[in-house]
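Engineer: If you scroll down you'll find the structure; I have some questions about it.
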Amino acid sequence: MQNAGIAALGLDWRYAAFETRPEDLASAVEGARAMRFIGLNLTVPHKLLAVDLMDELDESARTWGAVNTVVYEGRSAAGDWHPLGQWPGDAVEEVRTRGFNTDADAIVRSLREDLACEPKGADILLLGAGGAGRVAALKLATEGVGRLWLINRTAAKAEQVAAEIREAHPEVEVAVGYPPAGVTADLILNATSLGLKEDDPSPLDETRFSPDRARAVYDMIYRPERTALLRTAQTAGCRTANGAGMLLWQGVKALEIWSGRTAPAEIMREALTEHLRTH
Ligand code: ATR
């Protein structure tokens, strides 16, 4: 996806994956700085750890408390800073890191685009209160979600996220647990990791909330393509989407941050779809 976008922009960059242990993250970020990398994406389990490693944090990383996109910025002799991917040409005096978060916006963009689901005023059942679940809950609250029900295997974590929302968004009705009988949901959103393994059960307790009480179901997991949750949701007649759209939009935004240009989203989408189909 990124290499297709990079090529379409005519840039001489390459995007590569490096498996890094959490205890090596600081050296990896330093090594990339020394080698004049343009930027990095970080994924589990690095997103939270990276917050304290950055020289600067963009508002997005501060808001969501997690970094998934790093930009290396250079200082010119004149003293101004520019992303290395948009470097004007003179000597780089010094390089610093700036952390961004492009995940939160990607969730909402994908919900709108892939499910025609508008979070504003919606009643949403959110499964998961880990890193991804917390960001999703706070982002939905920022977007003006109507009512939000939070479910997590470890209920205390859901309580913590609910408390954070009550504090920052007192207008949002938030509860821990399944919606009461008779209440329907506009959306069930899975942000747990349950479903990543082919034989994982659904994270939804169907004895407490049956999928036919939801209009749409979104699973952040994109591999496997159809989790147990999405399969039962489809059978129940819900609109469904997996997390490929979220993956796409966080990547589109990252490429725009590195390059300072509009990223070719459709070309990136095609490359991603093809990759997911064949790998
Ligand atoms: P991420 O950054 O992907 O959100 P995480 O912070 O480790 O990763 O969160 C994983 C989420 O999946 C959590 O909500 C976790 O529940 P707990 O908070 O109780 O650990 C959930 N999860 C993982 N394995 C699960 C399982 N077997 N059953 C139910 N929930 C599970």
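Every number in this text was worked out from the coordinates using simple rules, so none of it is lab data. Please read these numbers as outputs of a predicted model, since none were measured by experiment. Cβ: placed from backbone, ideal geometry, glycine included. Neighbour counts: every protein chain shown.
Engineer: Ranked highest first by the average count of other Cβ atoms within 10 Å around their residues, in what order do 116-122, 254-260, 175-181, 12-18 fall?
Structural biologist: Put in order of decreasing packing, that is 254-260, 116-122, 175-181, 12-18.
Engineer: May I ask for the percentage of alpha-carbon pairs in the chain that lie more than 24 Å from each other?
Structural biologist: 53
Engineer: Which aspartates and glutamates does LYS157 reach when only Cα atoms under 19 Å apart count, and residues fewer than 8 places away in its own chain are ignored?
Structural biologist: Hits, sequence-local ones excluded: GLU167, GLU173, ASP205.
Engineer: Rounded, prolate or oblate: which one fits the range 131-267, using the alpha carbon gyration tensor with axes a ≥ b ≥ c (rounded when a/c is under 1.5, else prolate when a/b beats b/c, else oblate)?
Structural biologist: Working: a/c = 1.87, a/b = 1.22, b/c = 1.54.
Oblate, because a/c is 1.5 or more while a/b does not exceed b/c.
Engineer: Separate question: Please provide three numbers in whole Å: the alpha-carbon extents of the range 1-86 along the principal axes, with the largest listed first.
Structural biologist: 34, 33, 25
Engineer: Can you give the Kirkwood hydrodynamic radius for the range 181-230, in Å, rounded to one decimal and based on Cα pairs?
Structural biologist: 11.3
Engineer: Something else: Quick one: angle between helix 155-168 and the longest Cα principal axis of the chain, in degrees between 0 and 90, rounded to 10, please.
Structural biologist: Roughly 70 degrees between the two axes.
Engineer: Report, for the chain, the % of DSSP beta bridges that are antiparallel, rounded to 5.
Structural biologist: Close to 35 percent.
Engineer: What is the ratio of the Cα radius of gyration of the range 68-210 to 2.2 N^0.38 Å, with N the residue count, to two decimals?
Structural biologist: For the range 68-210, the normalised Cα radius of gyration comes out at 1.37.
Engineer: Between the range 1-64 and the range 206-279, what is the C-alpha centre distance in whole Å?
Structural biologist: With the range 1-64 and the range 206-279 each reduced to a Cα centre, they are spaced 22 Å.
Engineer: Arranged from highest to lowest average of other beta-carbon atoms within 10 Å per residue, in what order do the peptides 26-38, 138-150 appear?
Structural biologist: Taking the mean over residues of other Cβ atoms within 10 Å, the ranking is 138-150, 26-38.
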